[in-house]
Amino acid sequence: MASSLISNSLHISFYSVLGMDDAGLVAVFEYFVVTGLKGFLGCPTVYYEDALMEFSENGLVRDGMIVSTIQGISVEISEEVFAAAFELPMEGMPDLSKVPKDLVFDARSIFSESKELVSTSCKKREMKIEFRLLDDILAKTIYVKAGSFDAVTHERFLLMTAITCGVKINWSSLVFDI
């Protein structure tokens, strides 16, 4: 399972994408920079692929610690150390259910490809291309989802809303709780 997660993961060259000519796509990647995810999403796994695969295959969260092995050695990583290593913000909203309802309503219009409001659980084809891309990135990096990517889940919709509307997110807590 972990090897399929690694092959489905995304790592972003922010230098390249921030220089693109498409303002909508550049805005999506700027959201990641502003929200503090640049270090996490830009992490070069290719250098440590074997160690990362072992870590992923054996890893679990127990008592607020990531417990796993790297090259056969047992390791425990606290949420604080993990957050510091990936420069993840530890302040902000830890629970996506608290995203303000007025922002969710606005996002239903902002994300929509047509004049119709999209549902918070919708098909990606109903959304503008830049938000389809945002959903793919979240599905493959934060939620580490494998399989079909045709539908947007309610939870990812809330996260996309928070990112797009500038809500401060406690990324460390969010990543640890998934």
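The values are calculated or read from the model by the stated rules, or taken from the named source; none is laboratory data. Note that the structure is a prediction, hence the values are computed from the model and not measured. Positions of Cβ are backbone-derived with ideal geometry, glycine not excepted, and every protein chain shown enters the neighbour counts.
What are the pairs with Cβ atoms under 6 angstrom where one residue, in region 70-85, is of a type in the set (G, A, S) and the other, located anywhere, is crowded, with 16+ Cβ neighbours inside 10 Å and outside any helix (DSSP H, G or I)? Sequence gap at least six, or different chains.
From region 70-85, the pairs are S78/M65.
Please go through (1) under 17 Å from the mean Cα position of the chain (by Cα); (2) farther than 15 Å from L159 by Cβ; (3) part of a loop (DSSP other than H, G, I, E, B) for F82 and return the number of the only condition it doesn't satisfy.
(3)
Looking only at residues in region 53-79 that are over 18 Å from L174 (Cβ atoms) and of a type in the set (A, V, I, L, M, F, W, C), which one is modelled with the lowest pLDDT?
Here the residue is M53.
I'd like to check something: does region 134-155 contain any residue that is free of Cβ contacts under 8 Å to residues at least 12 places away in the same chain, small (G, A, S) and farther than 22 Å from L41 by Cα?
no
Looking only at region 12-52, count every residue that is modelled with pLDDT of 75 or more, more than 13 Å from E87 (Cβ to Cβ), in a loop (DSSP other than H, G, I, E, B) and within 19 Å of the chain's Cα centre (by Cα) and tell me the total.
Adding up the residues that qualify gives 1.
Looking at region 108-119, which of its residues are in contact (Cβ under 8 Å) with a residue 12 or more places away in the chain and among the charged types (D, E, K, R)?
Scanning region 108-119 gives R108, E113.
If C122 meets every condition in (1) in contact (Cβ under 8 Å) with a residue 24 or more places away in the chain; (2) over 18 Å from V34 (Cβ atoms); (3) touching a helix residue (DSSP H, G or I) at 6+ places or on another chain (Cβ under 6 Å) apart from one, which number is that one?
Just one mismatch for C122, condition (3).
I need the full set of residues from region 94-119 which are outside any helix (DSSP H, G or I) and in contact with a helix residue (DSSP H, G or I) (Cβ under 7 Å, 6 or more places away or on another chain), in order please.
P94, V99, F111, S112, E113, L117, V118
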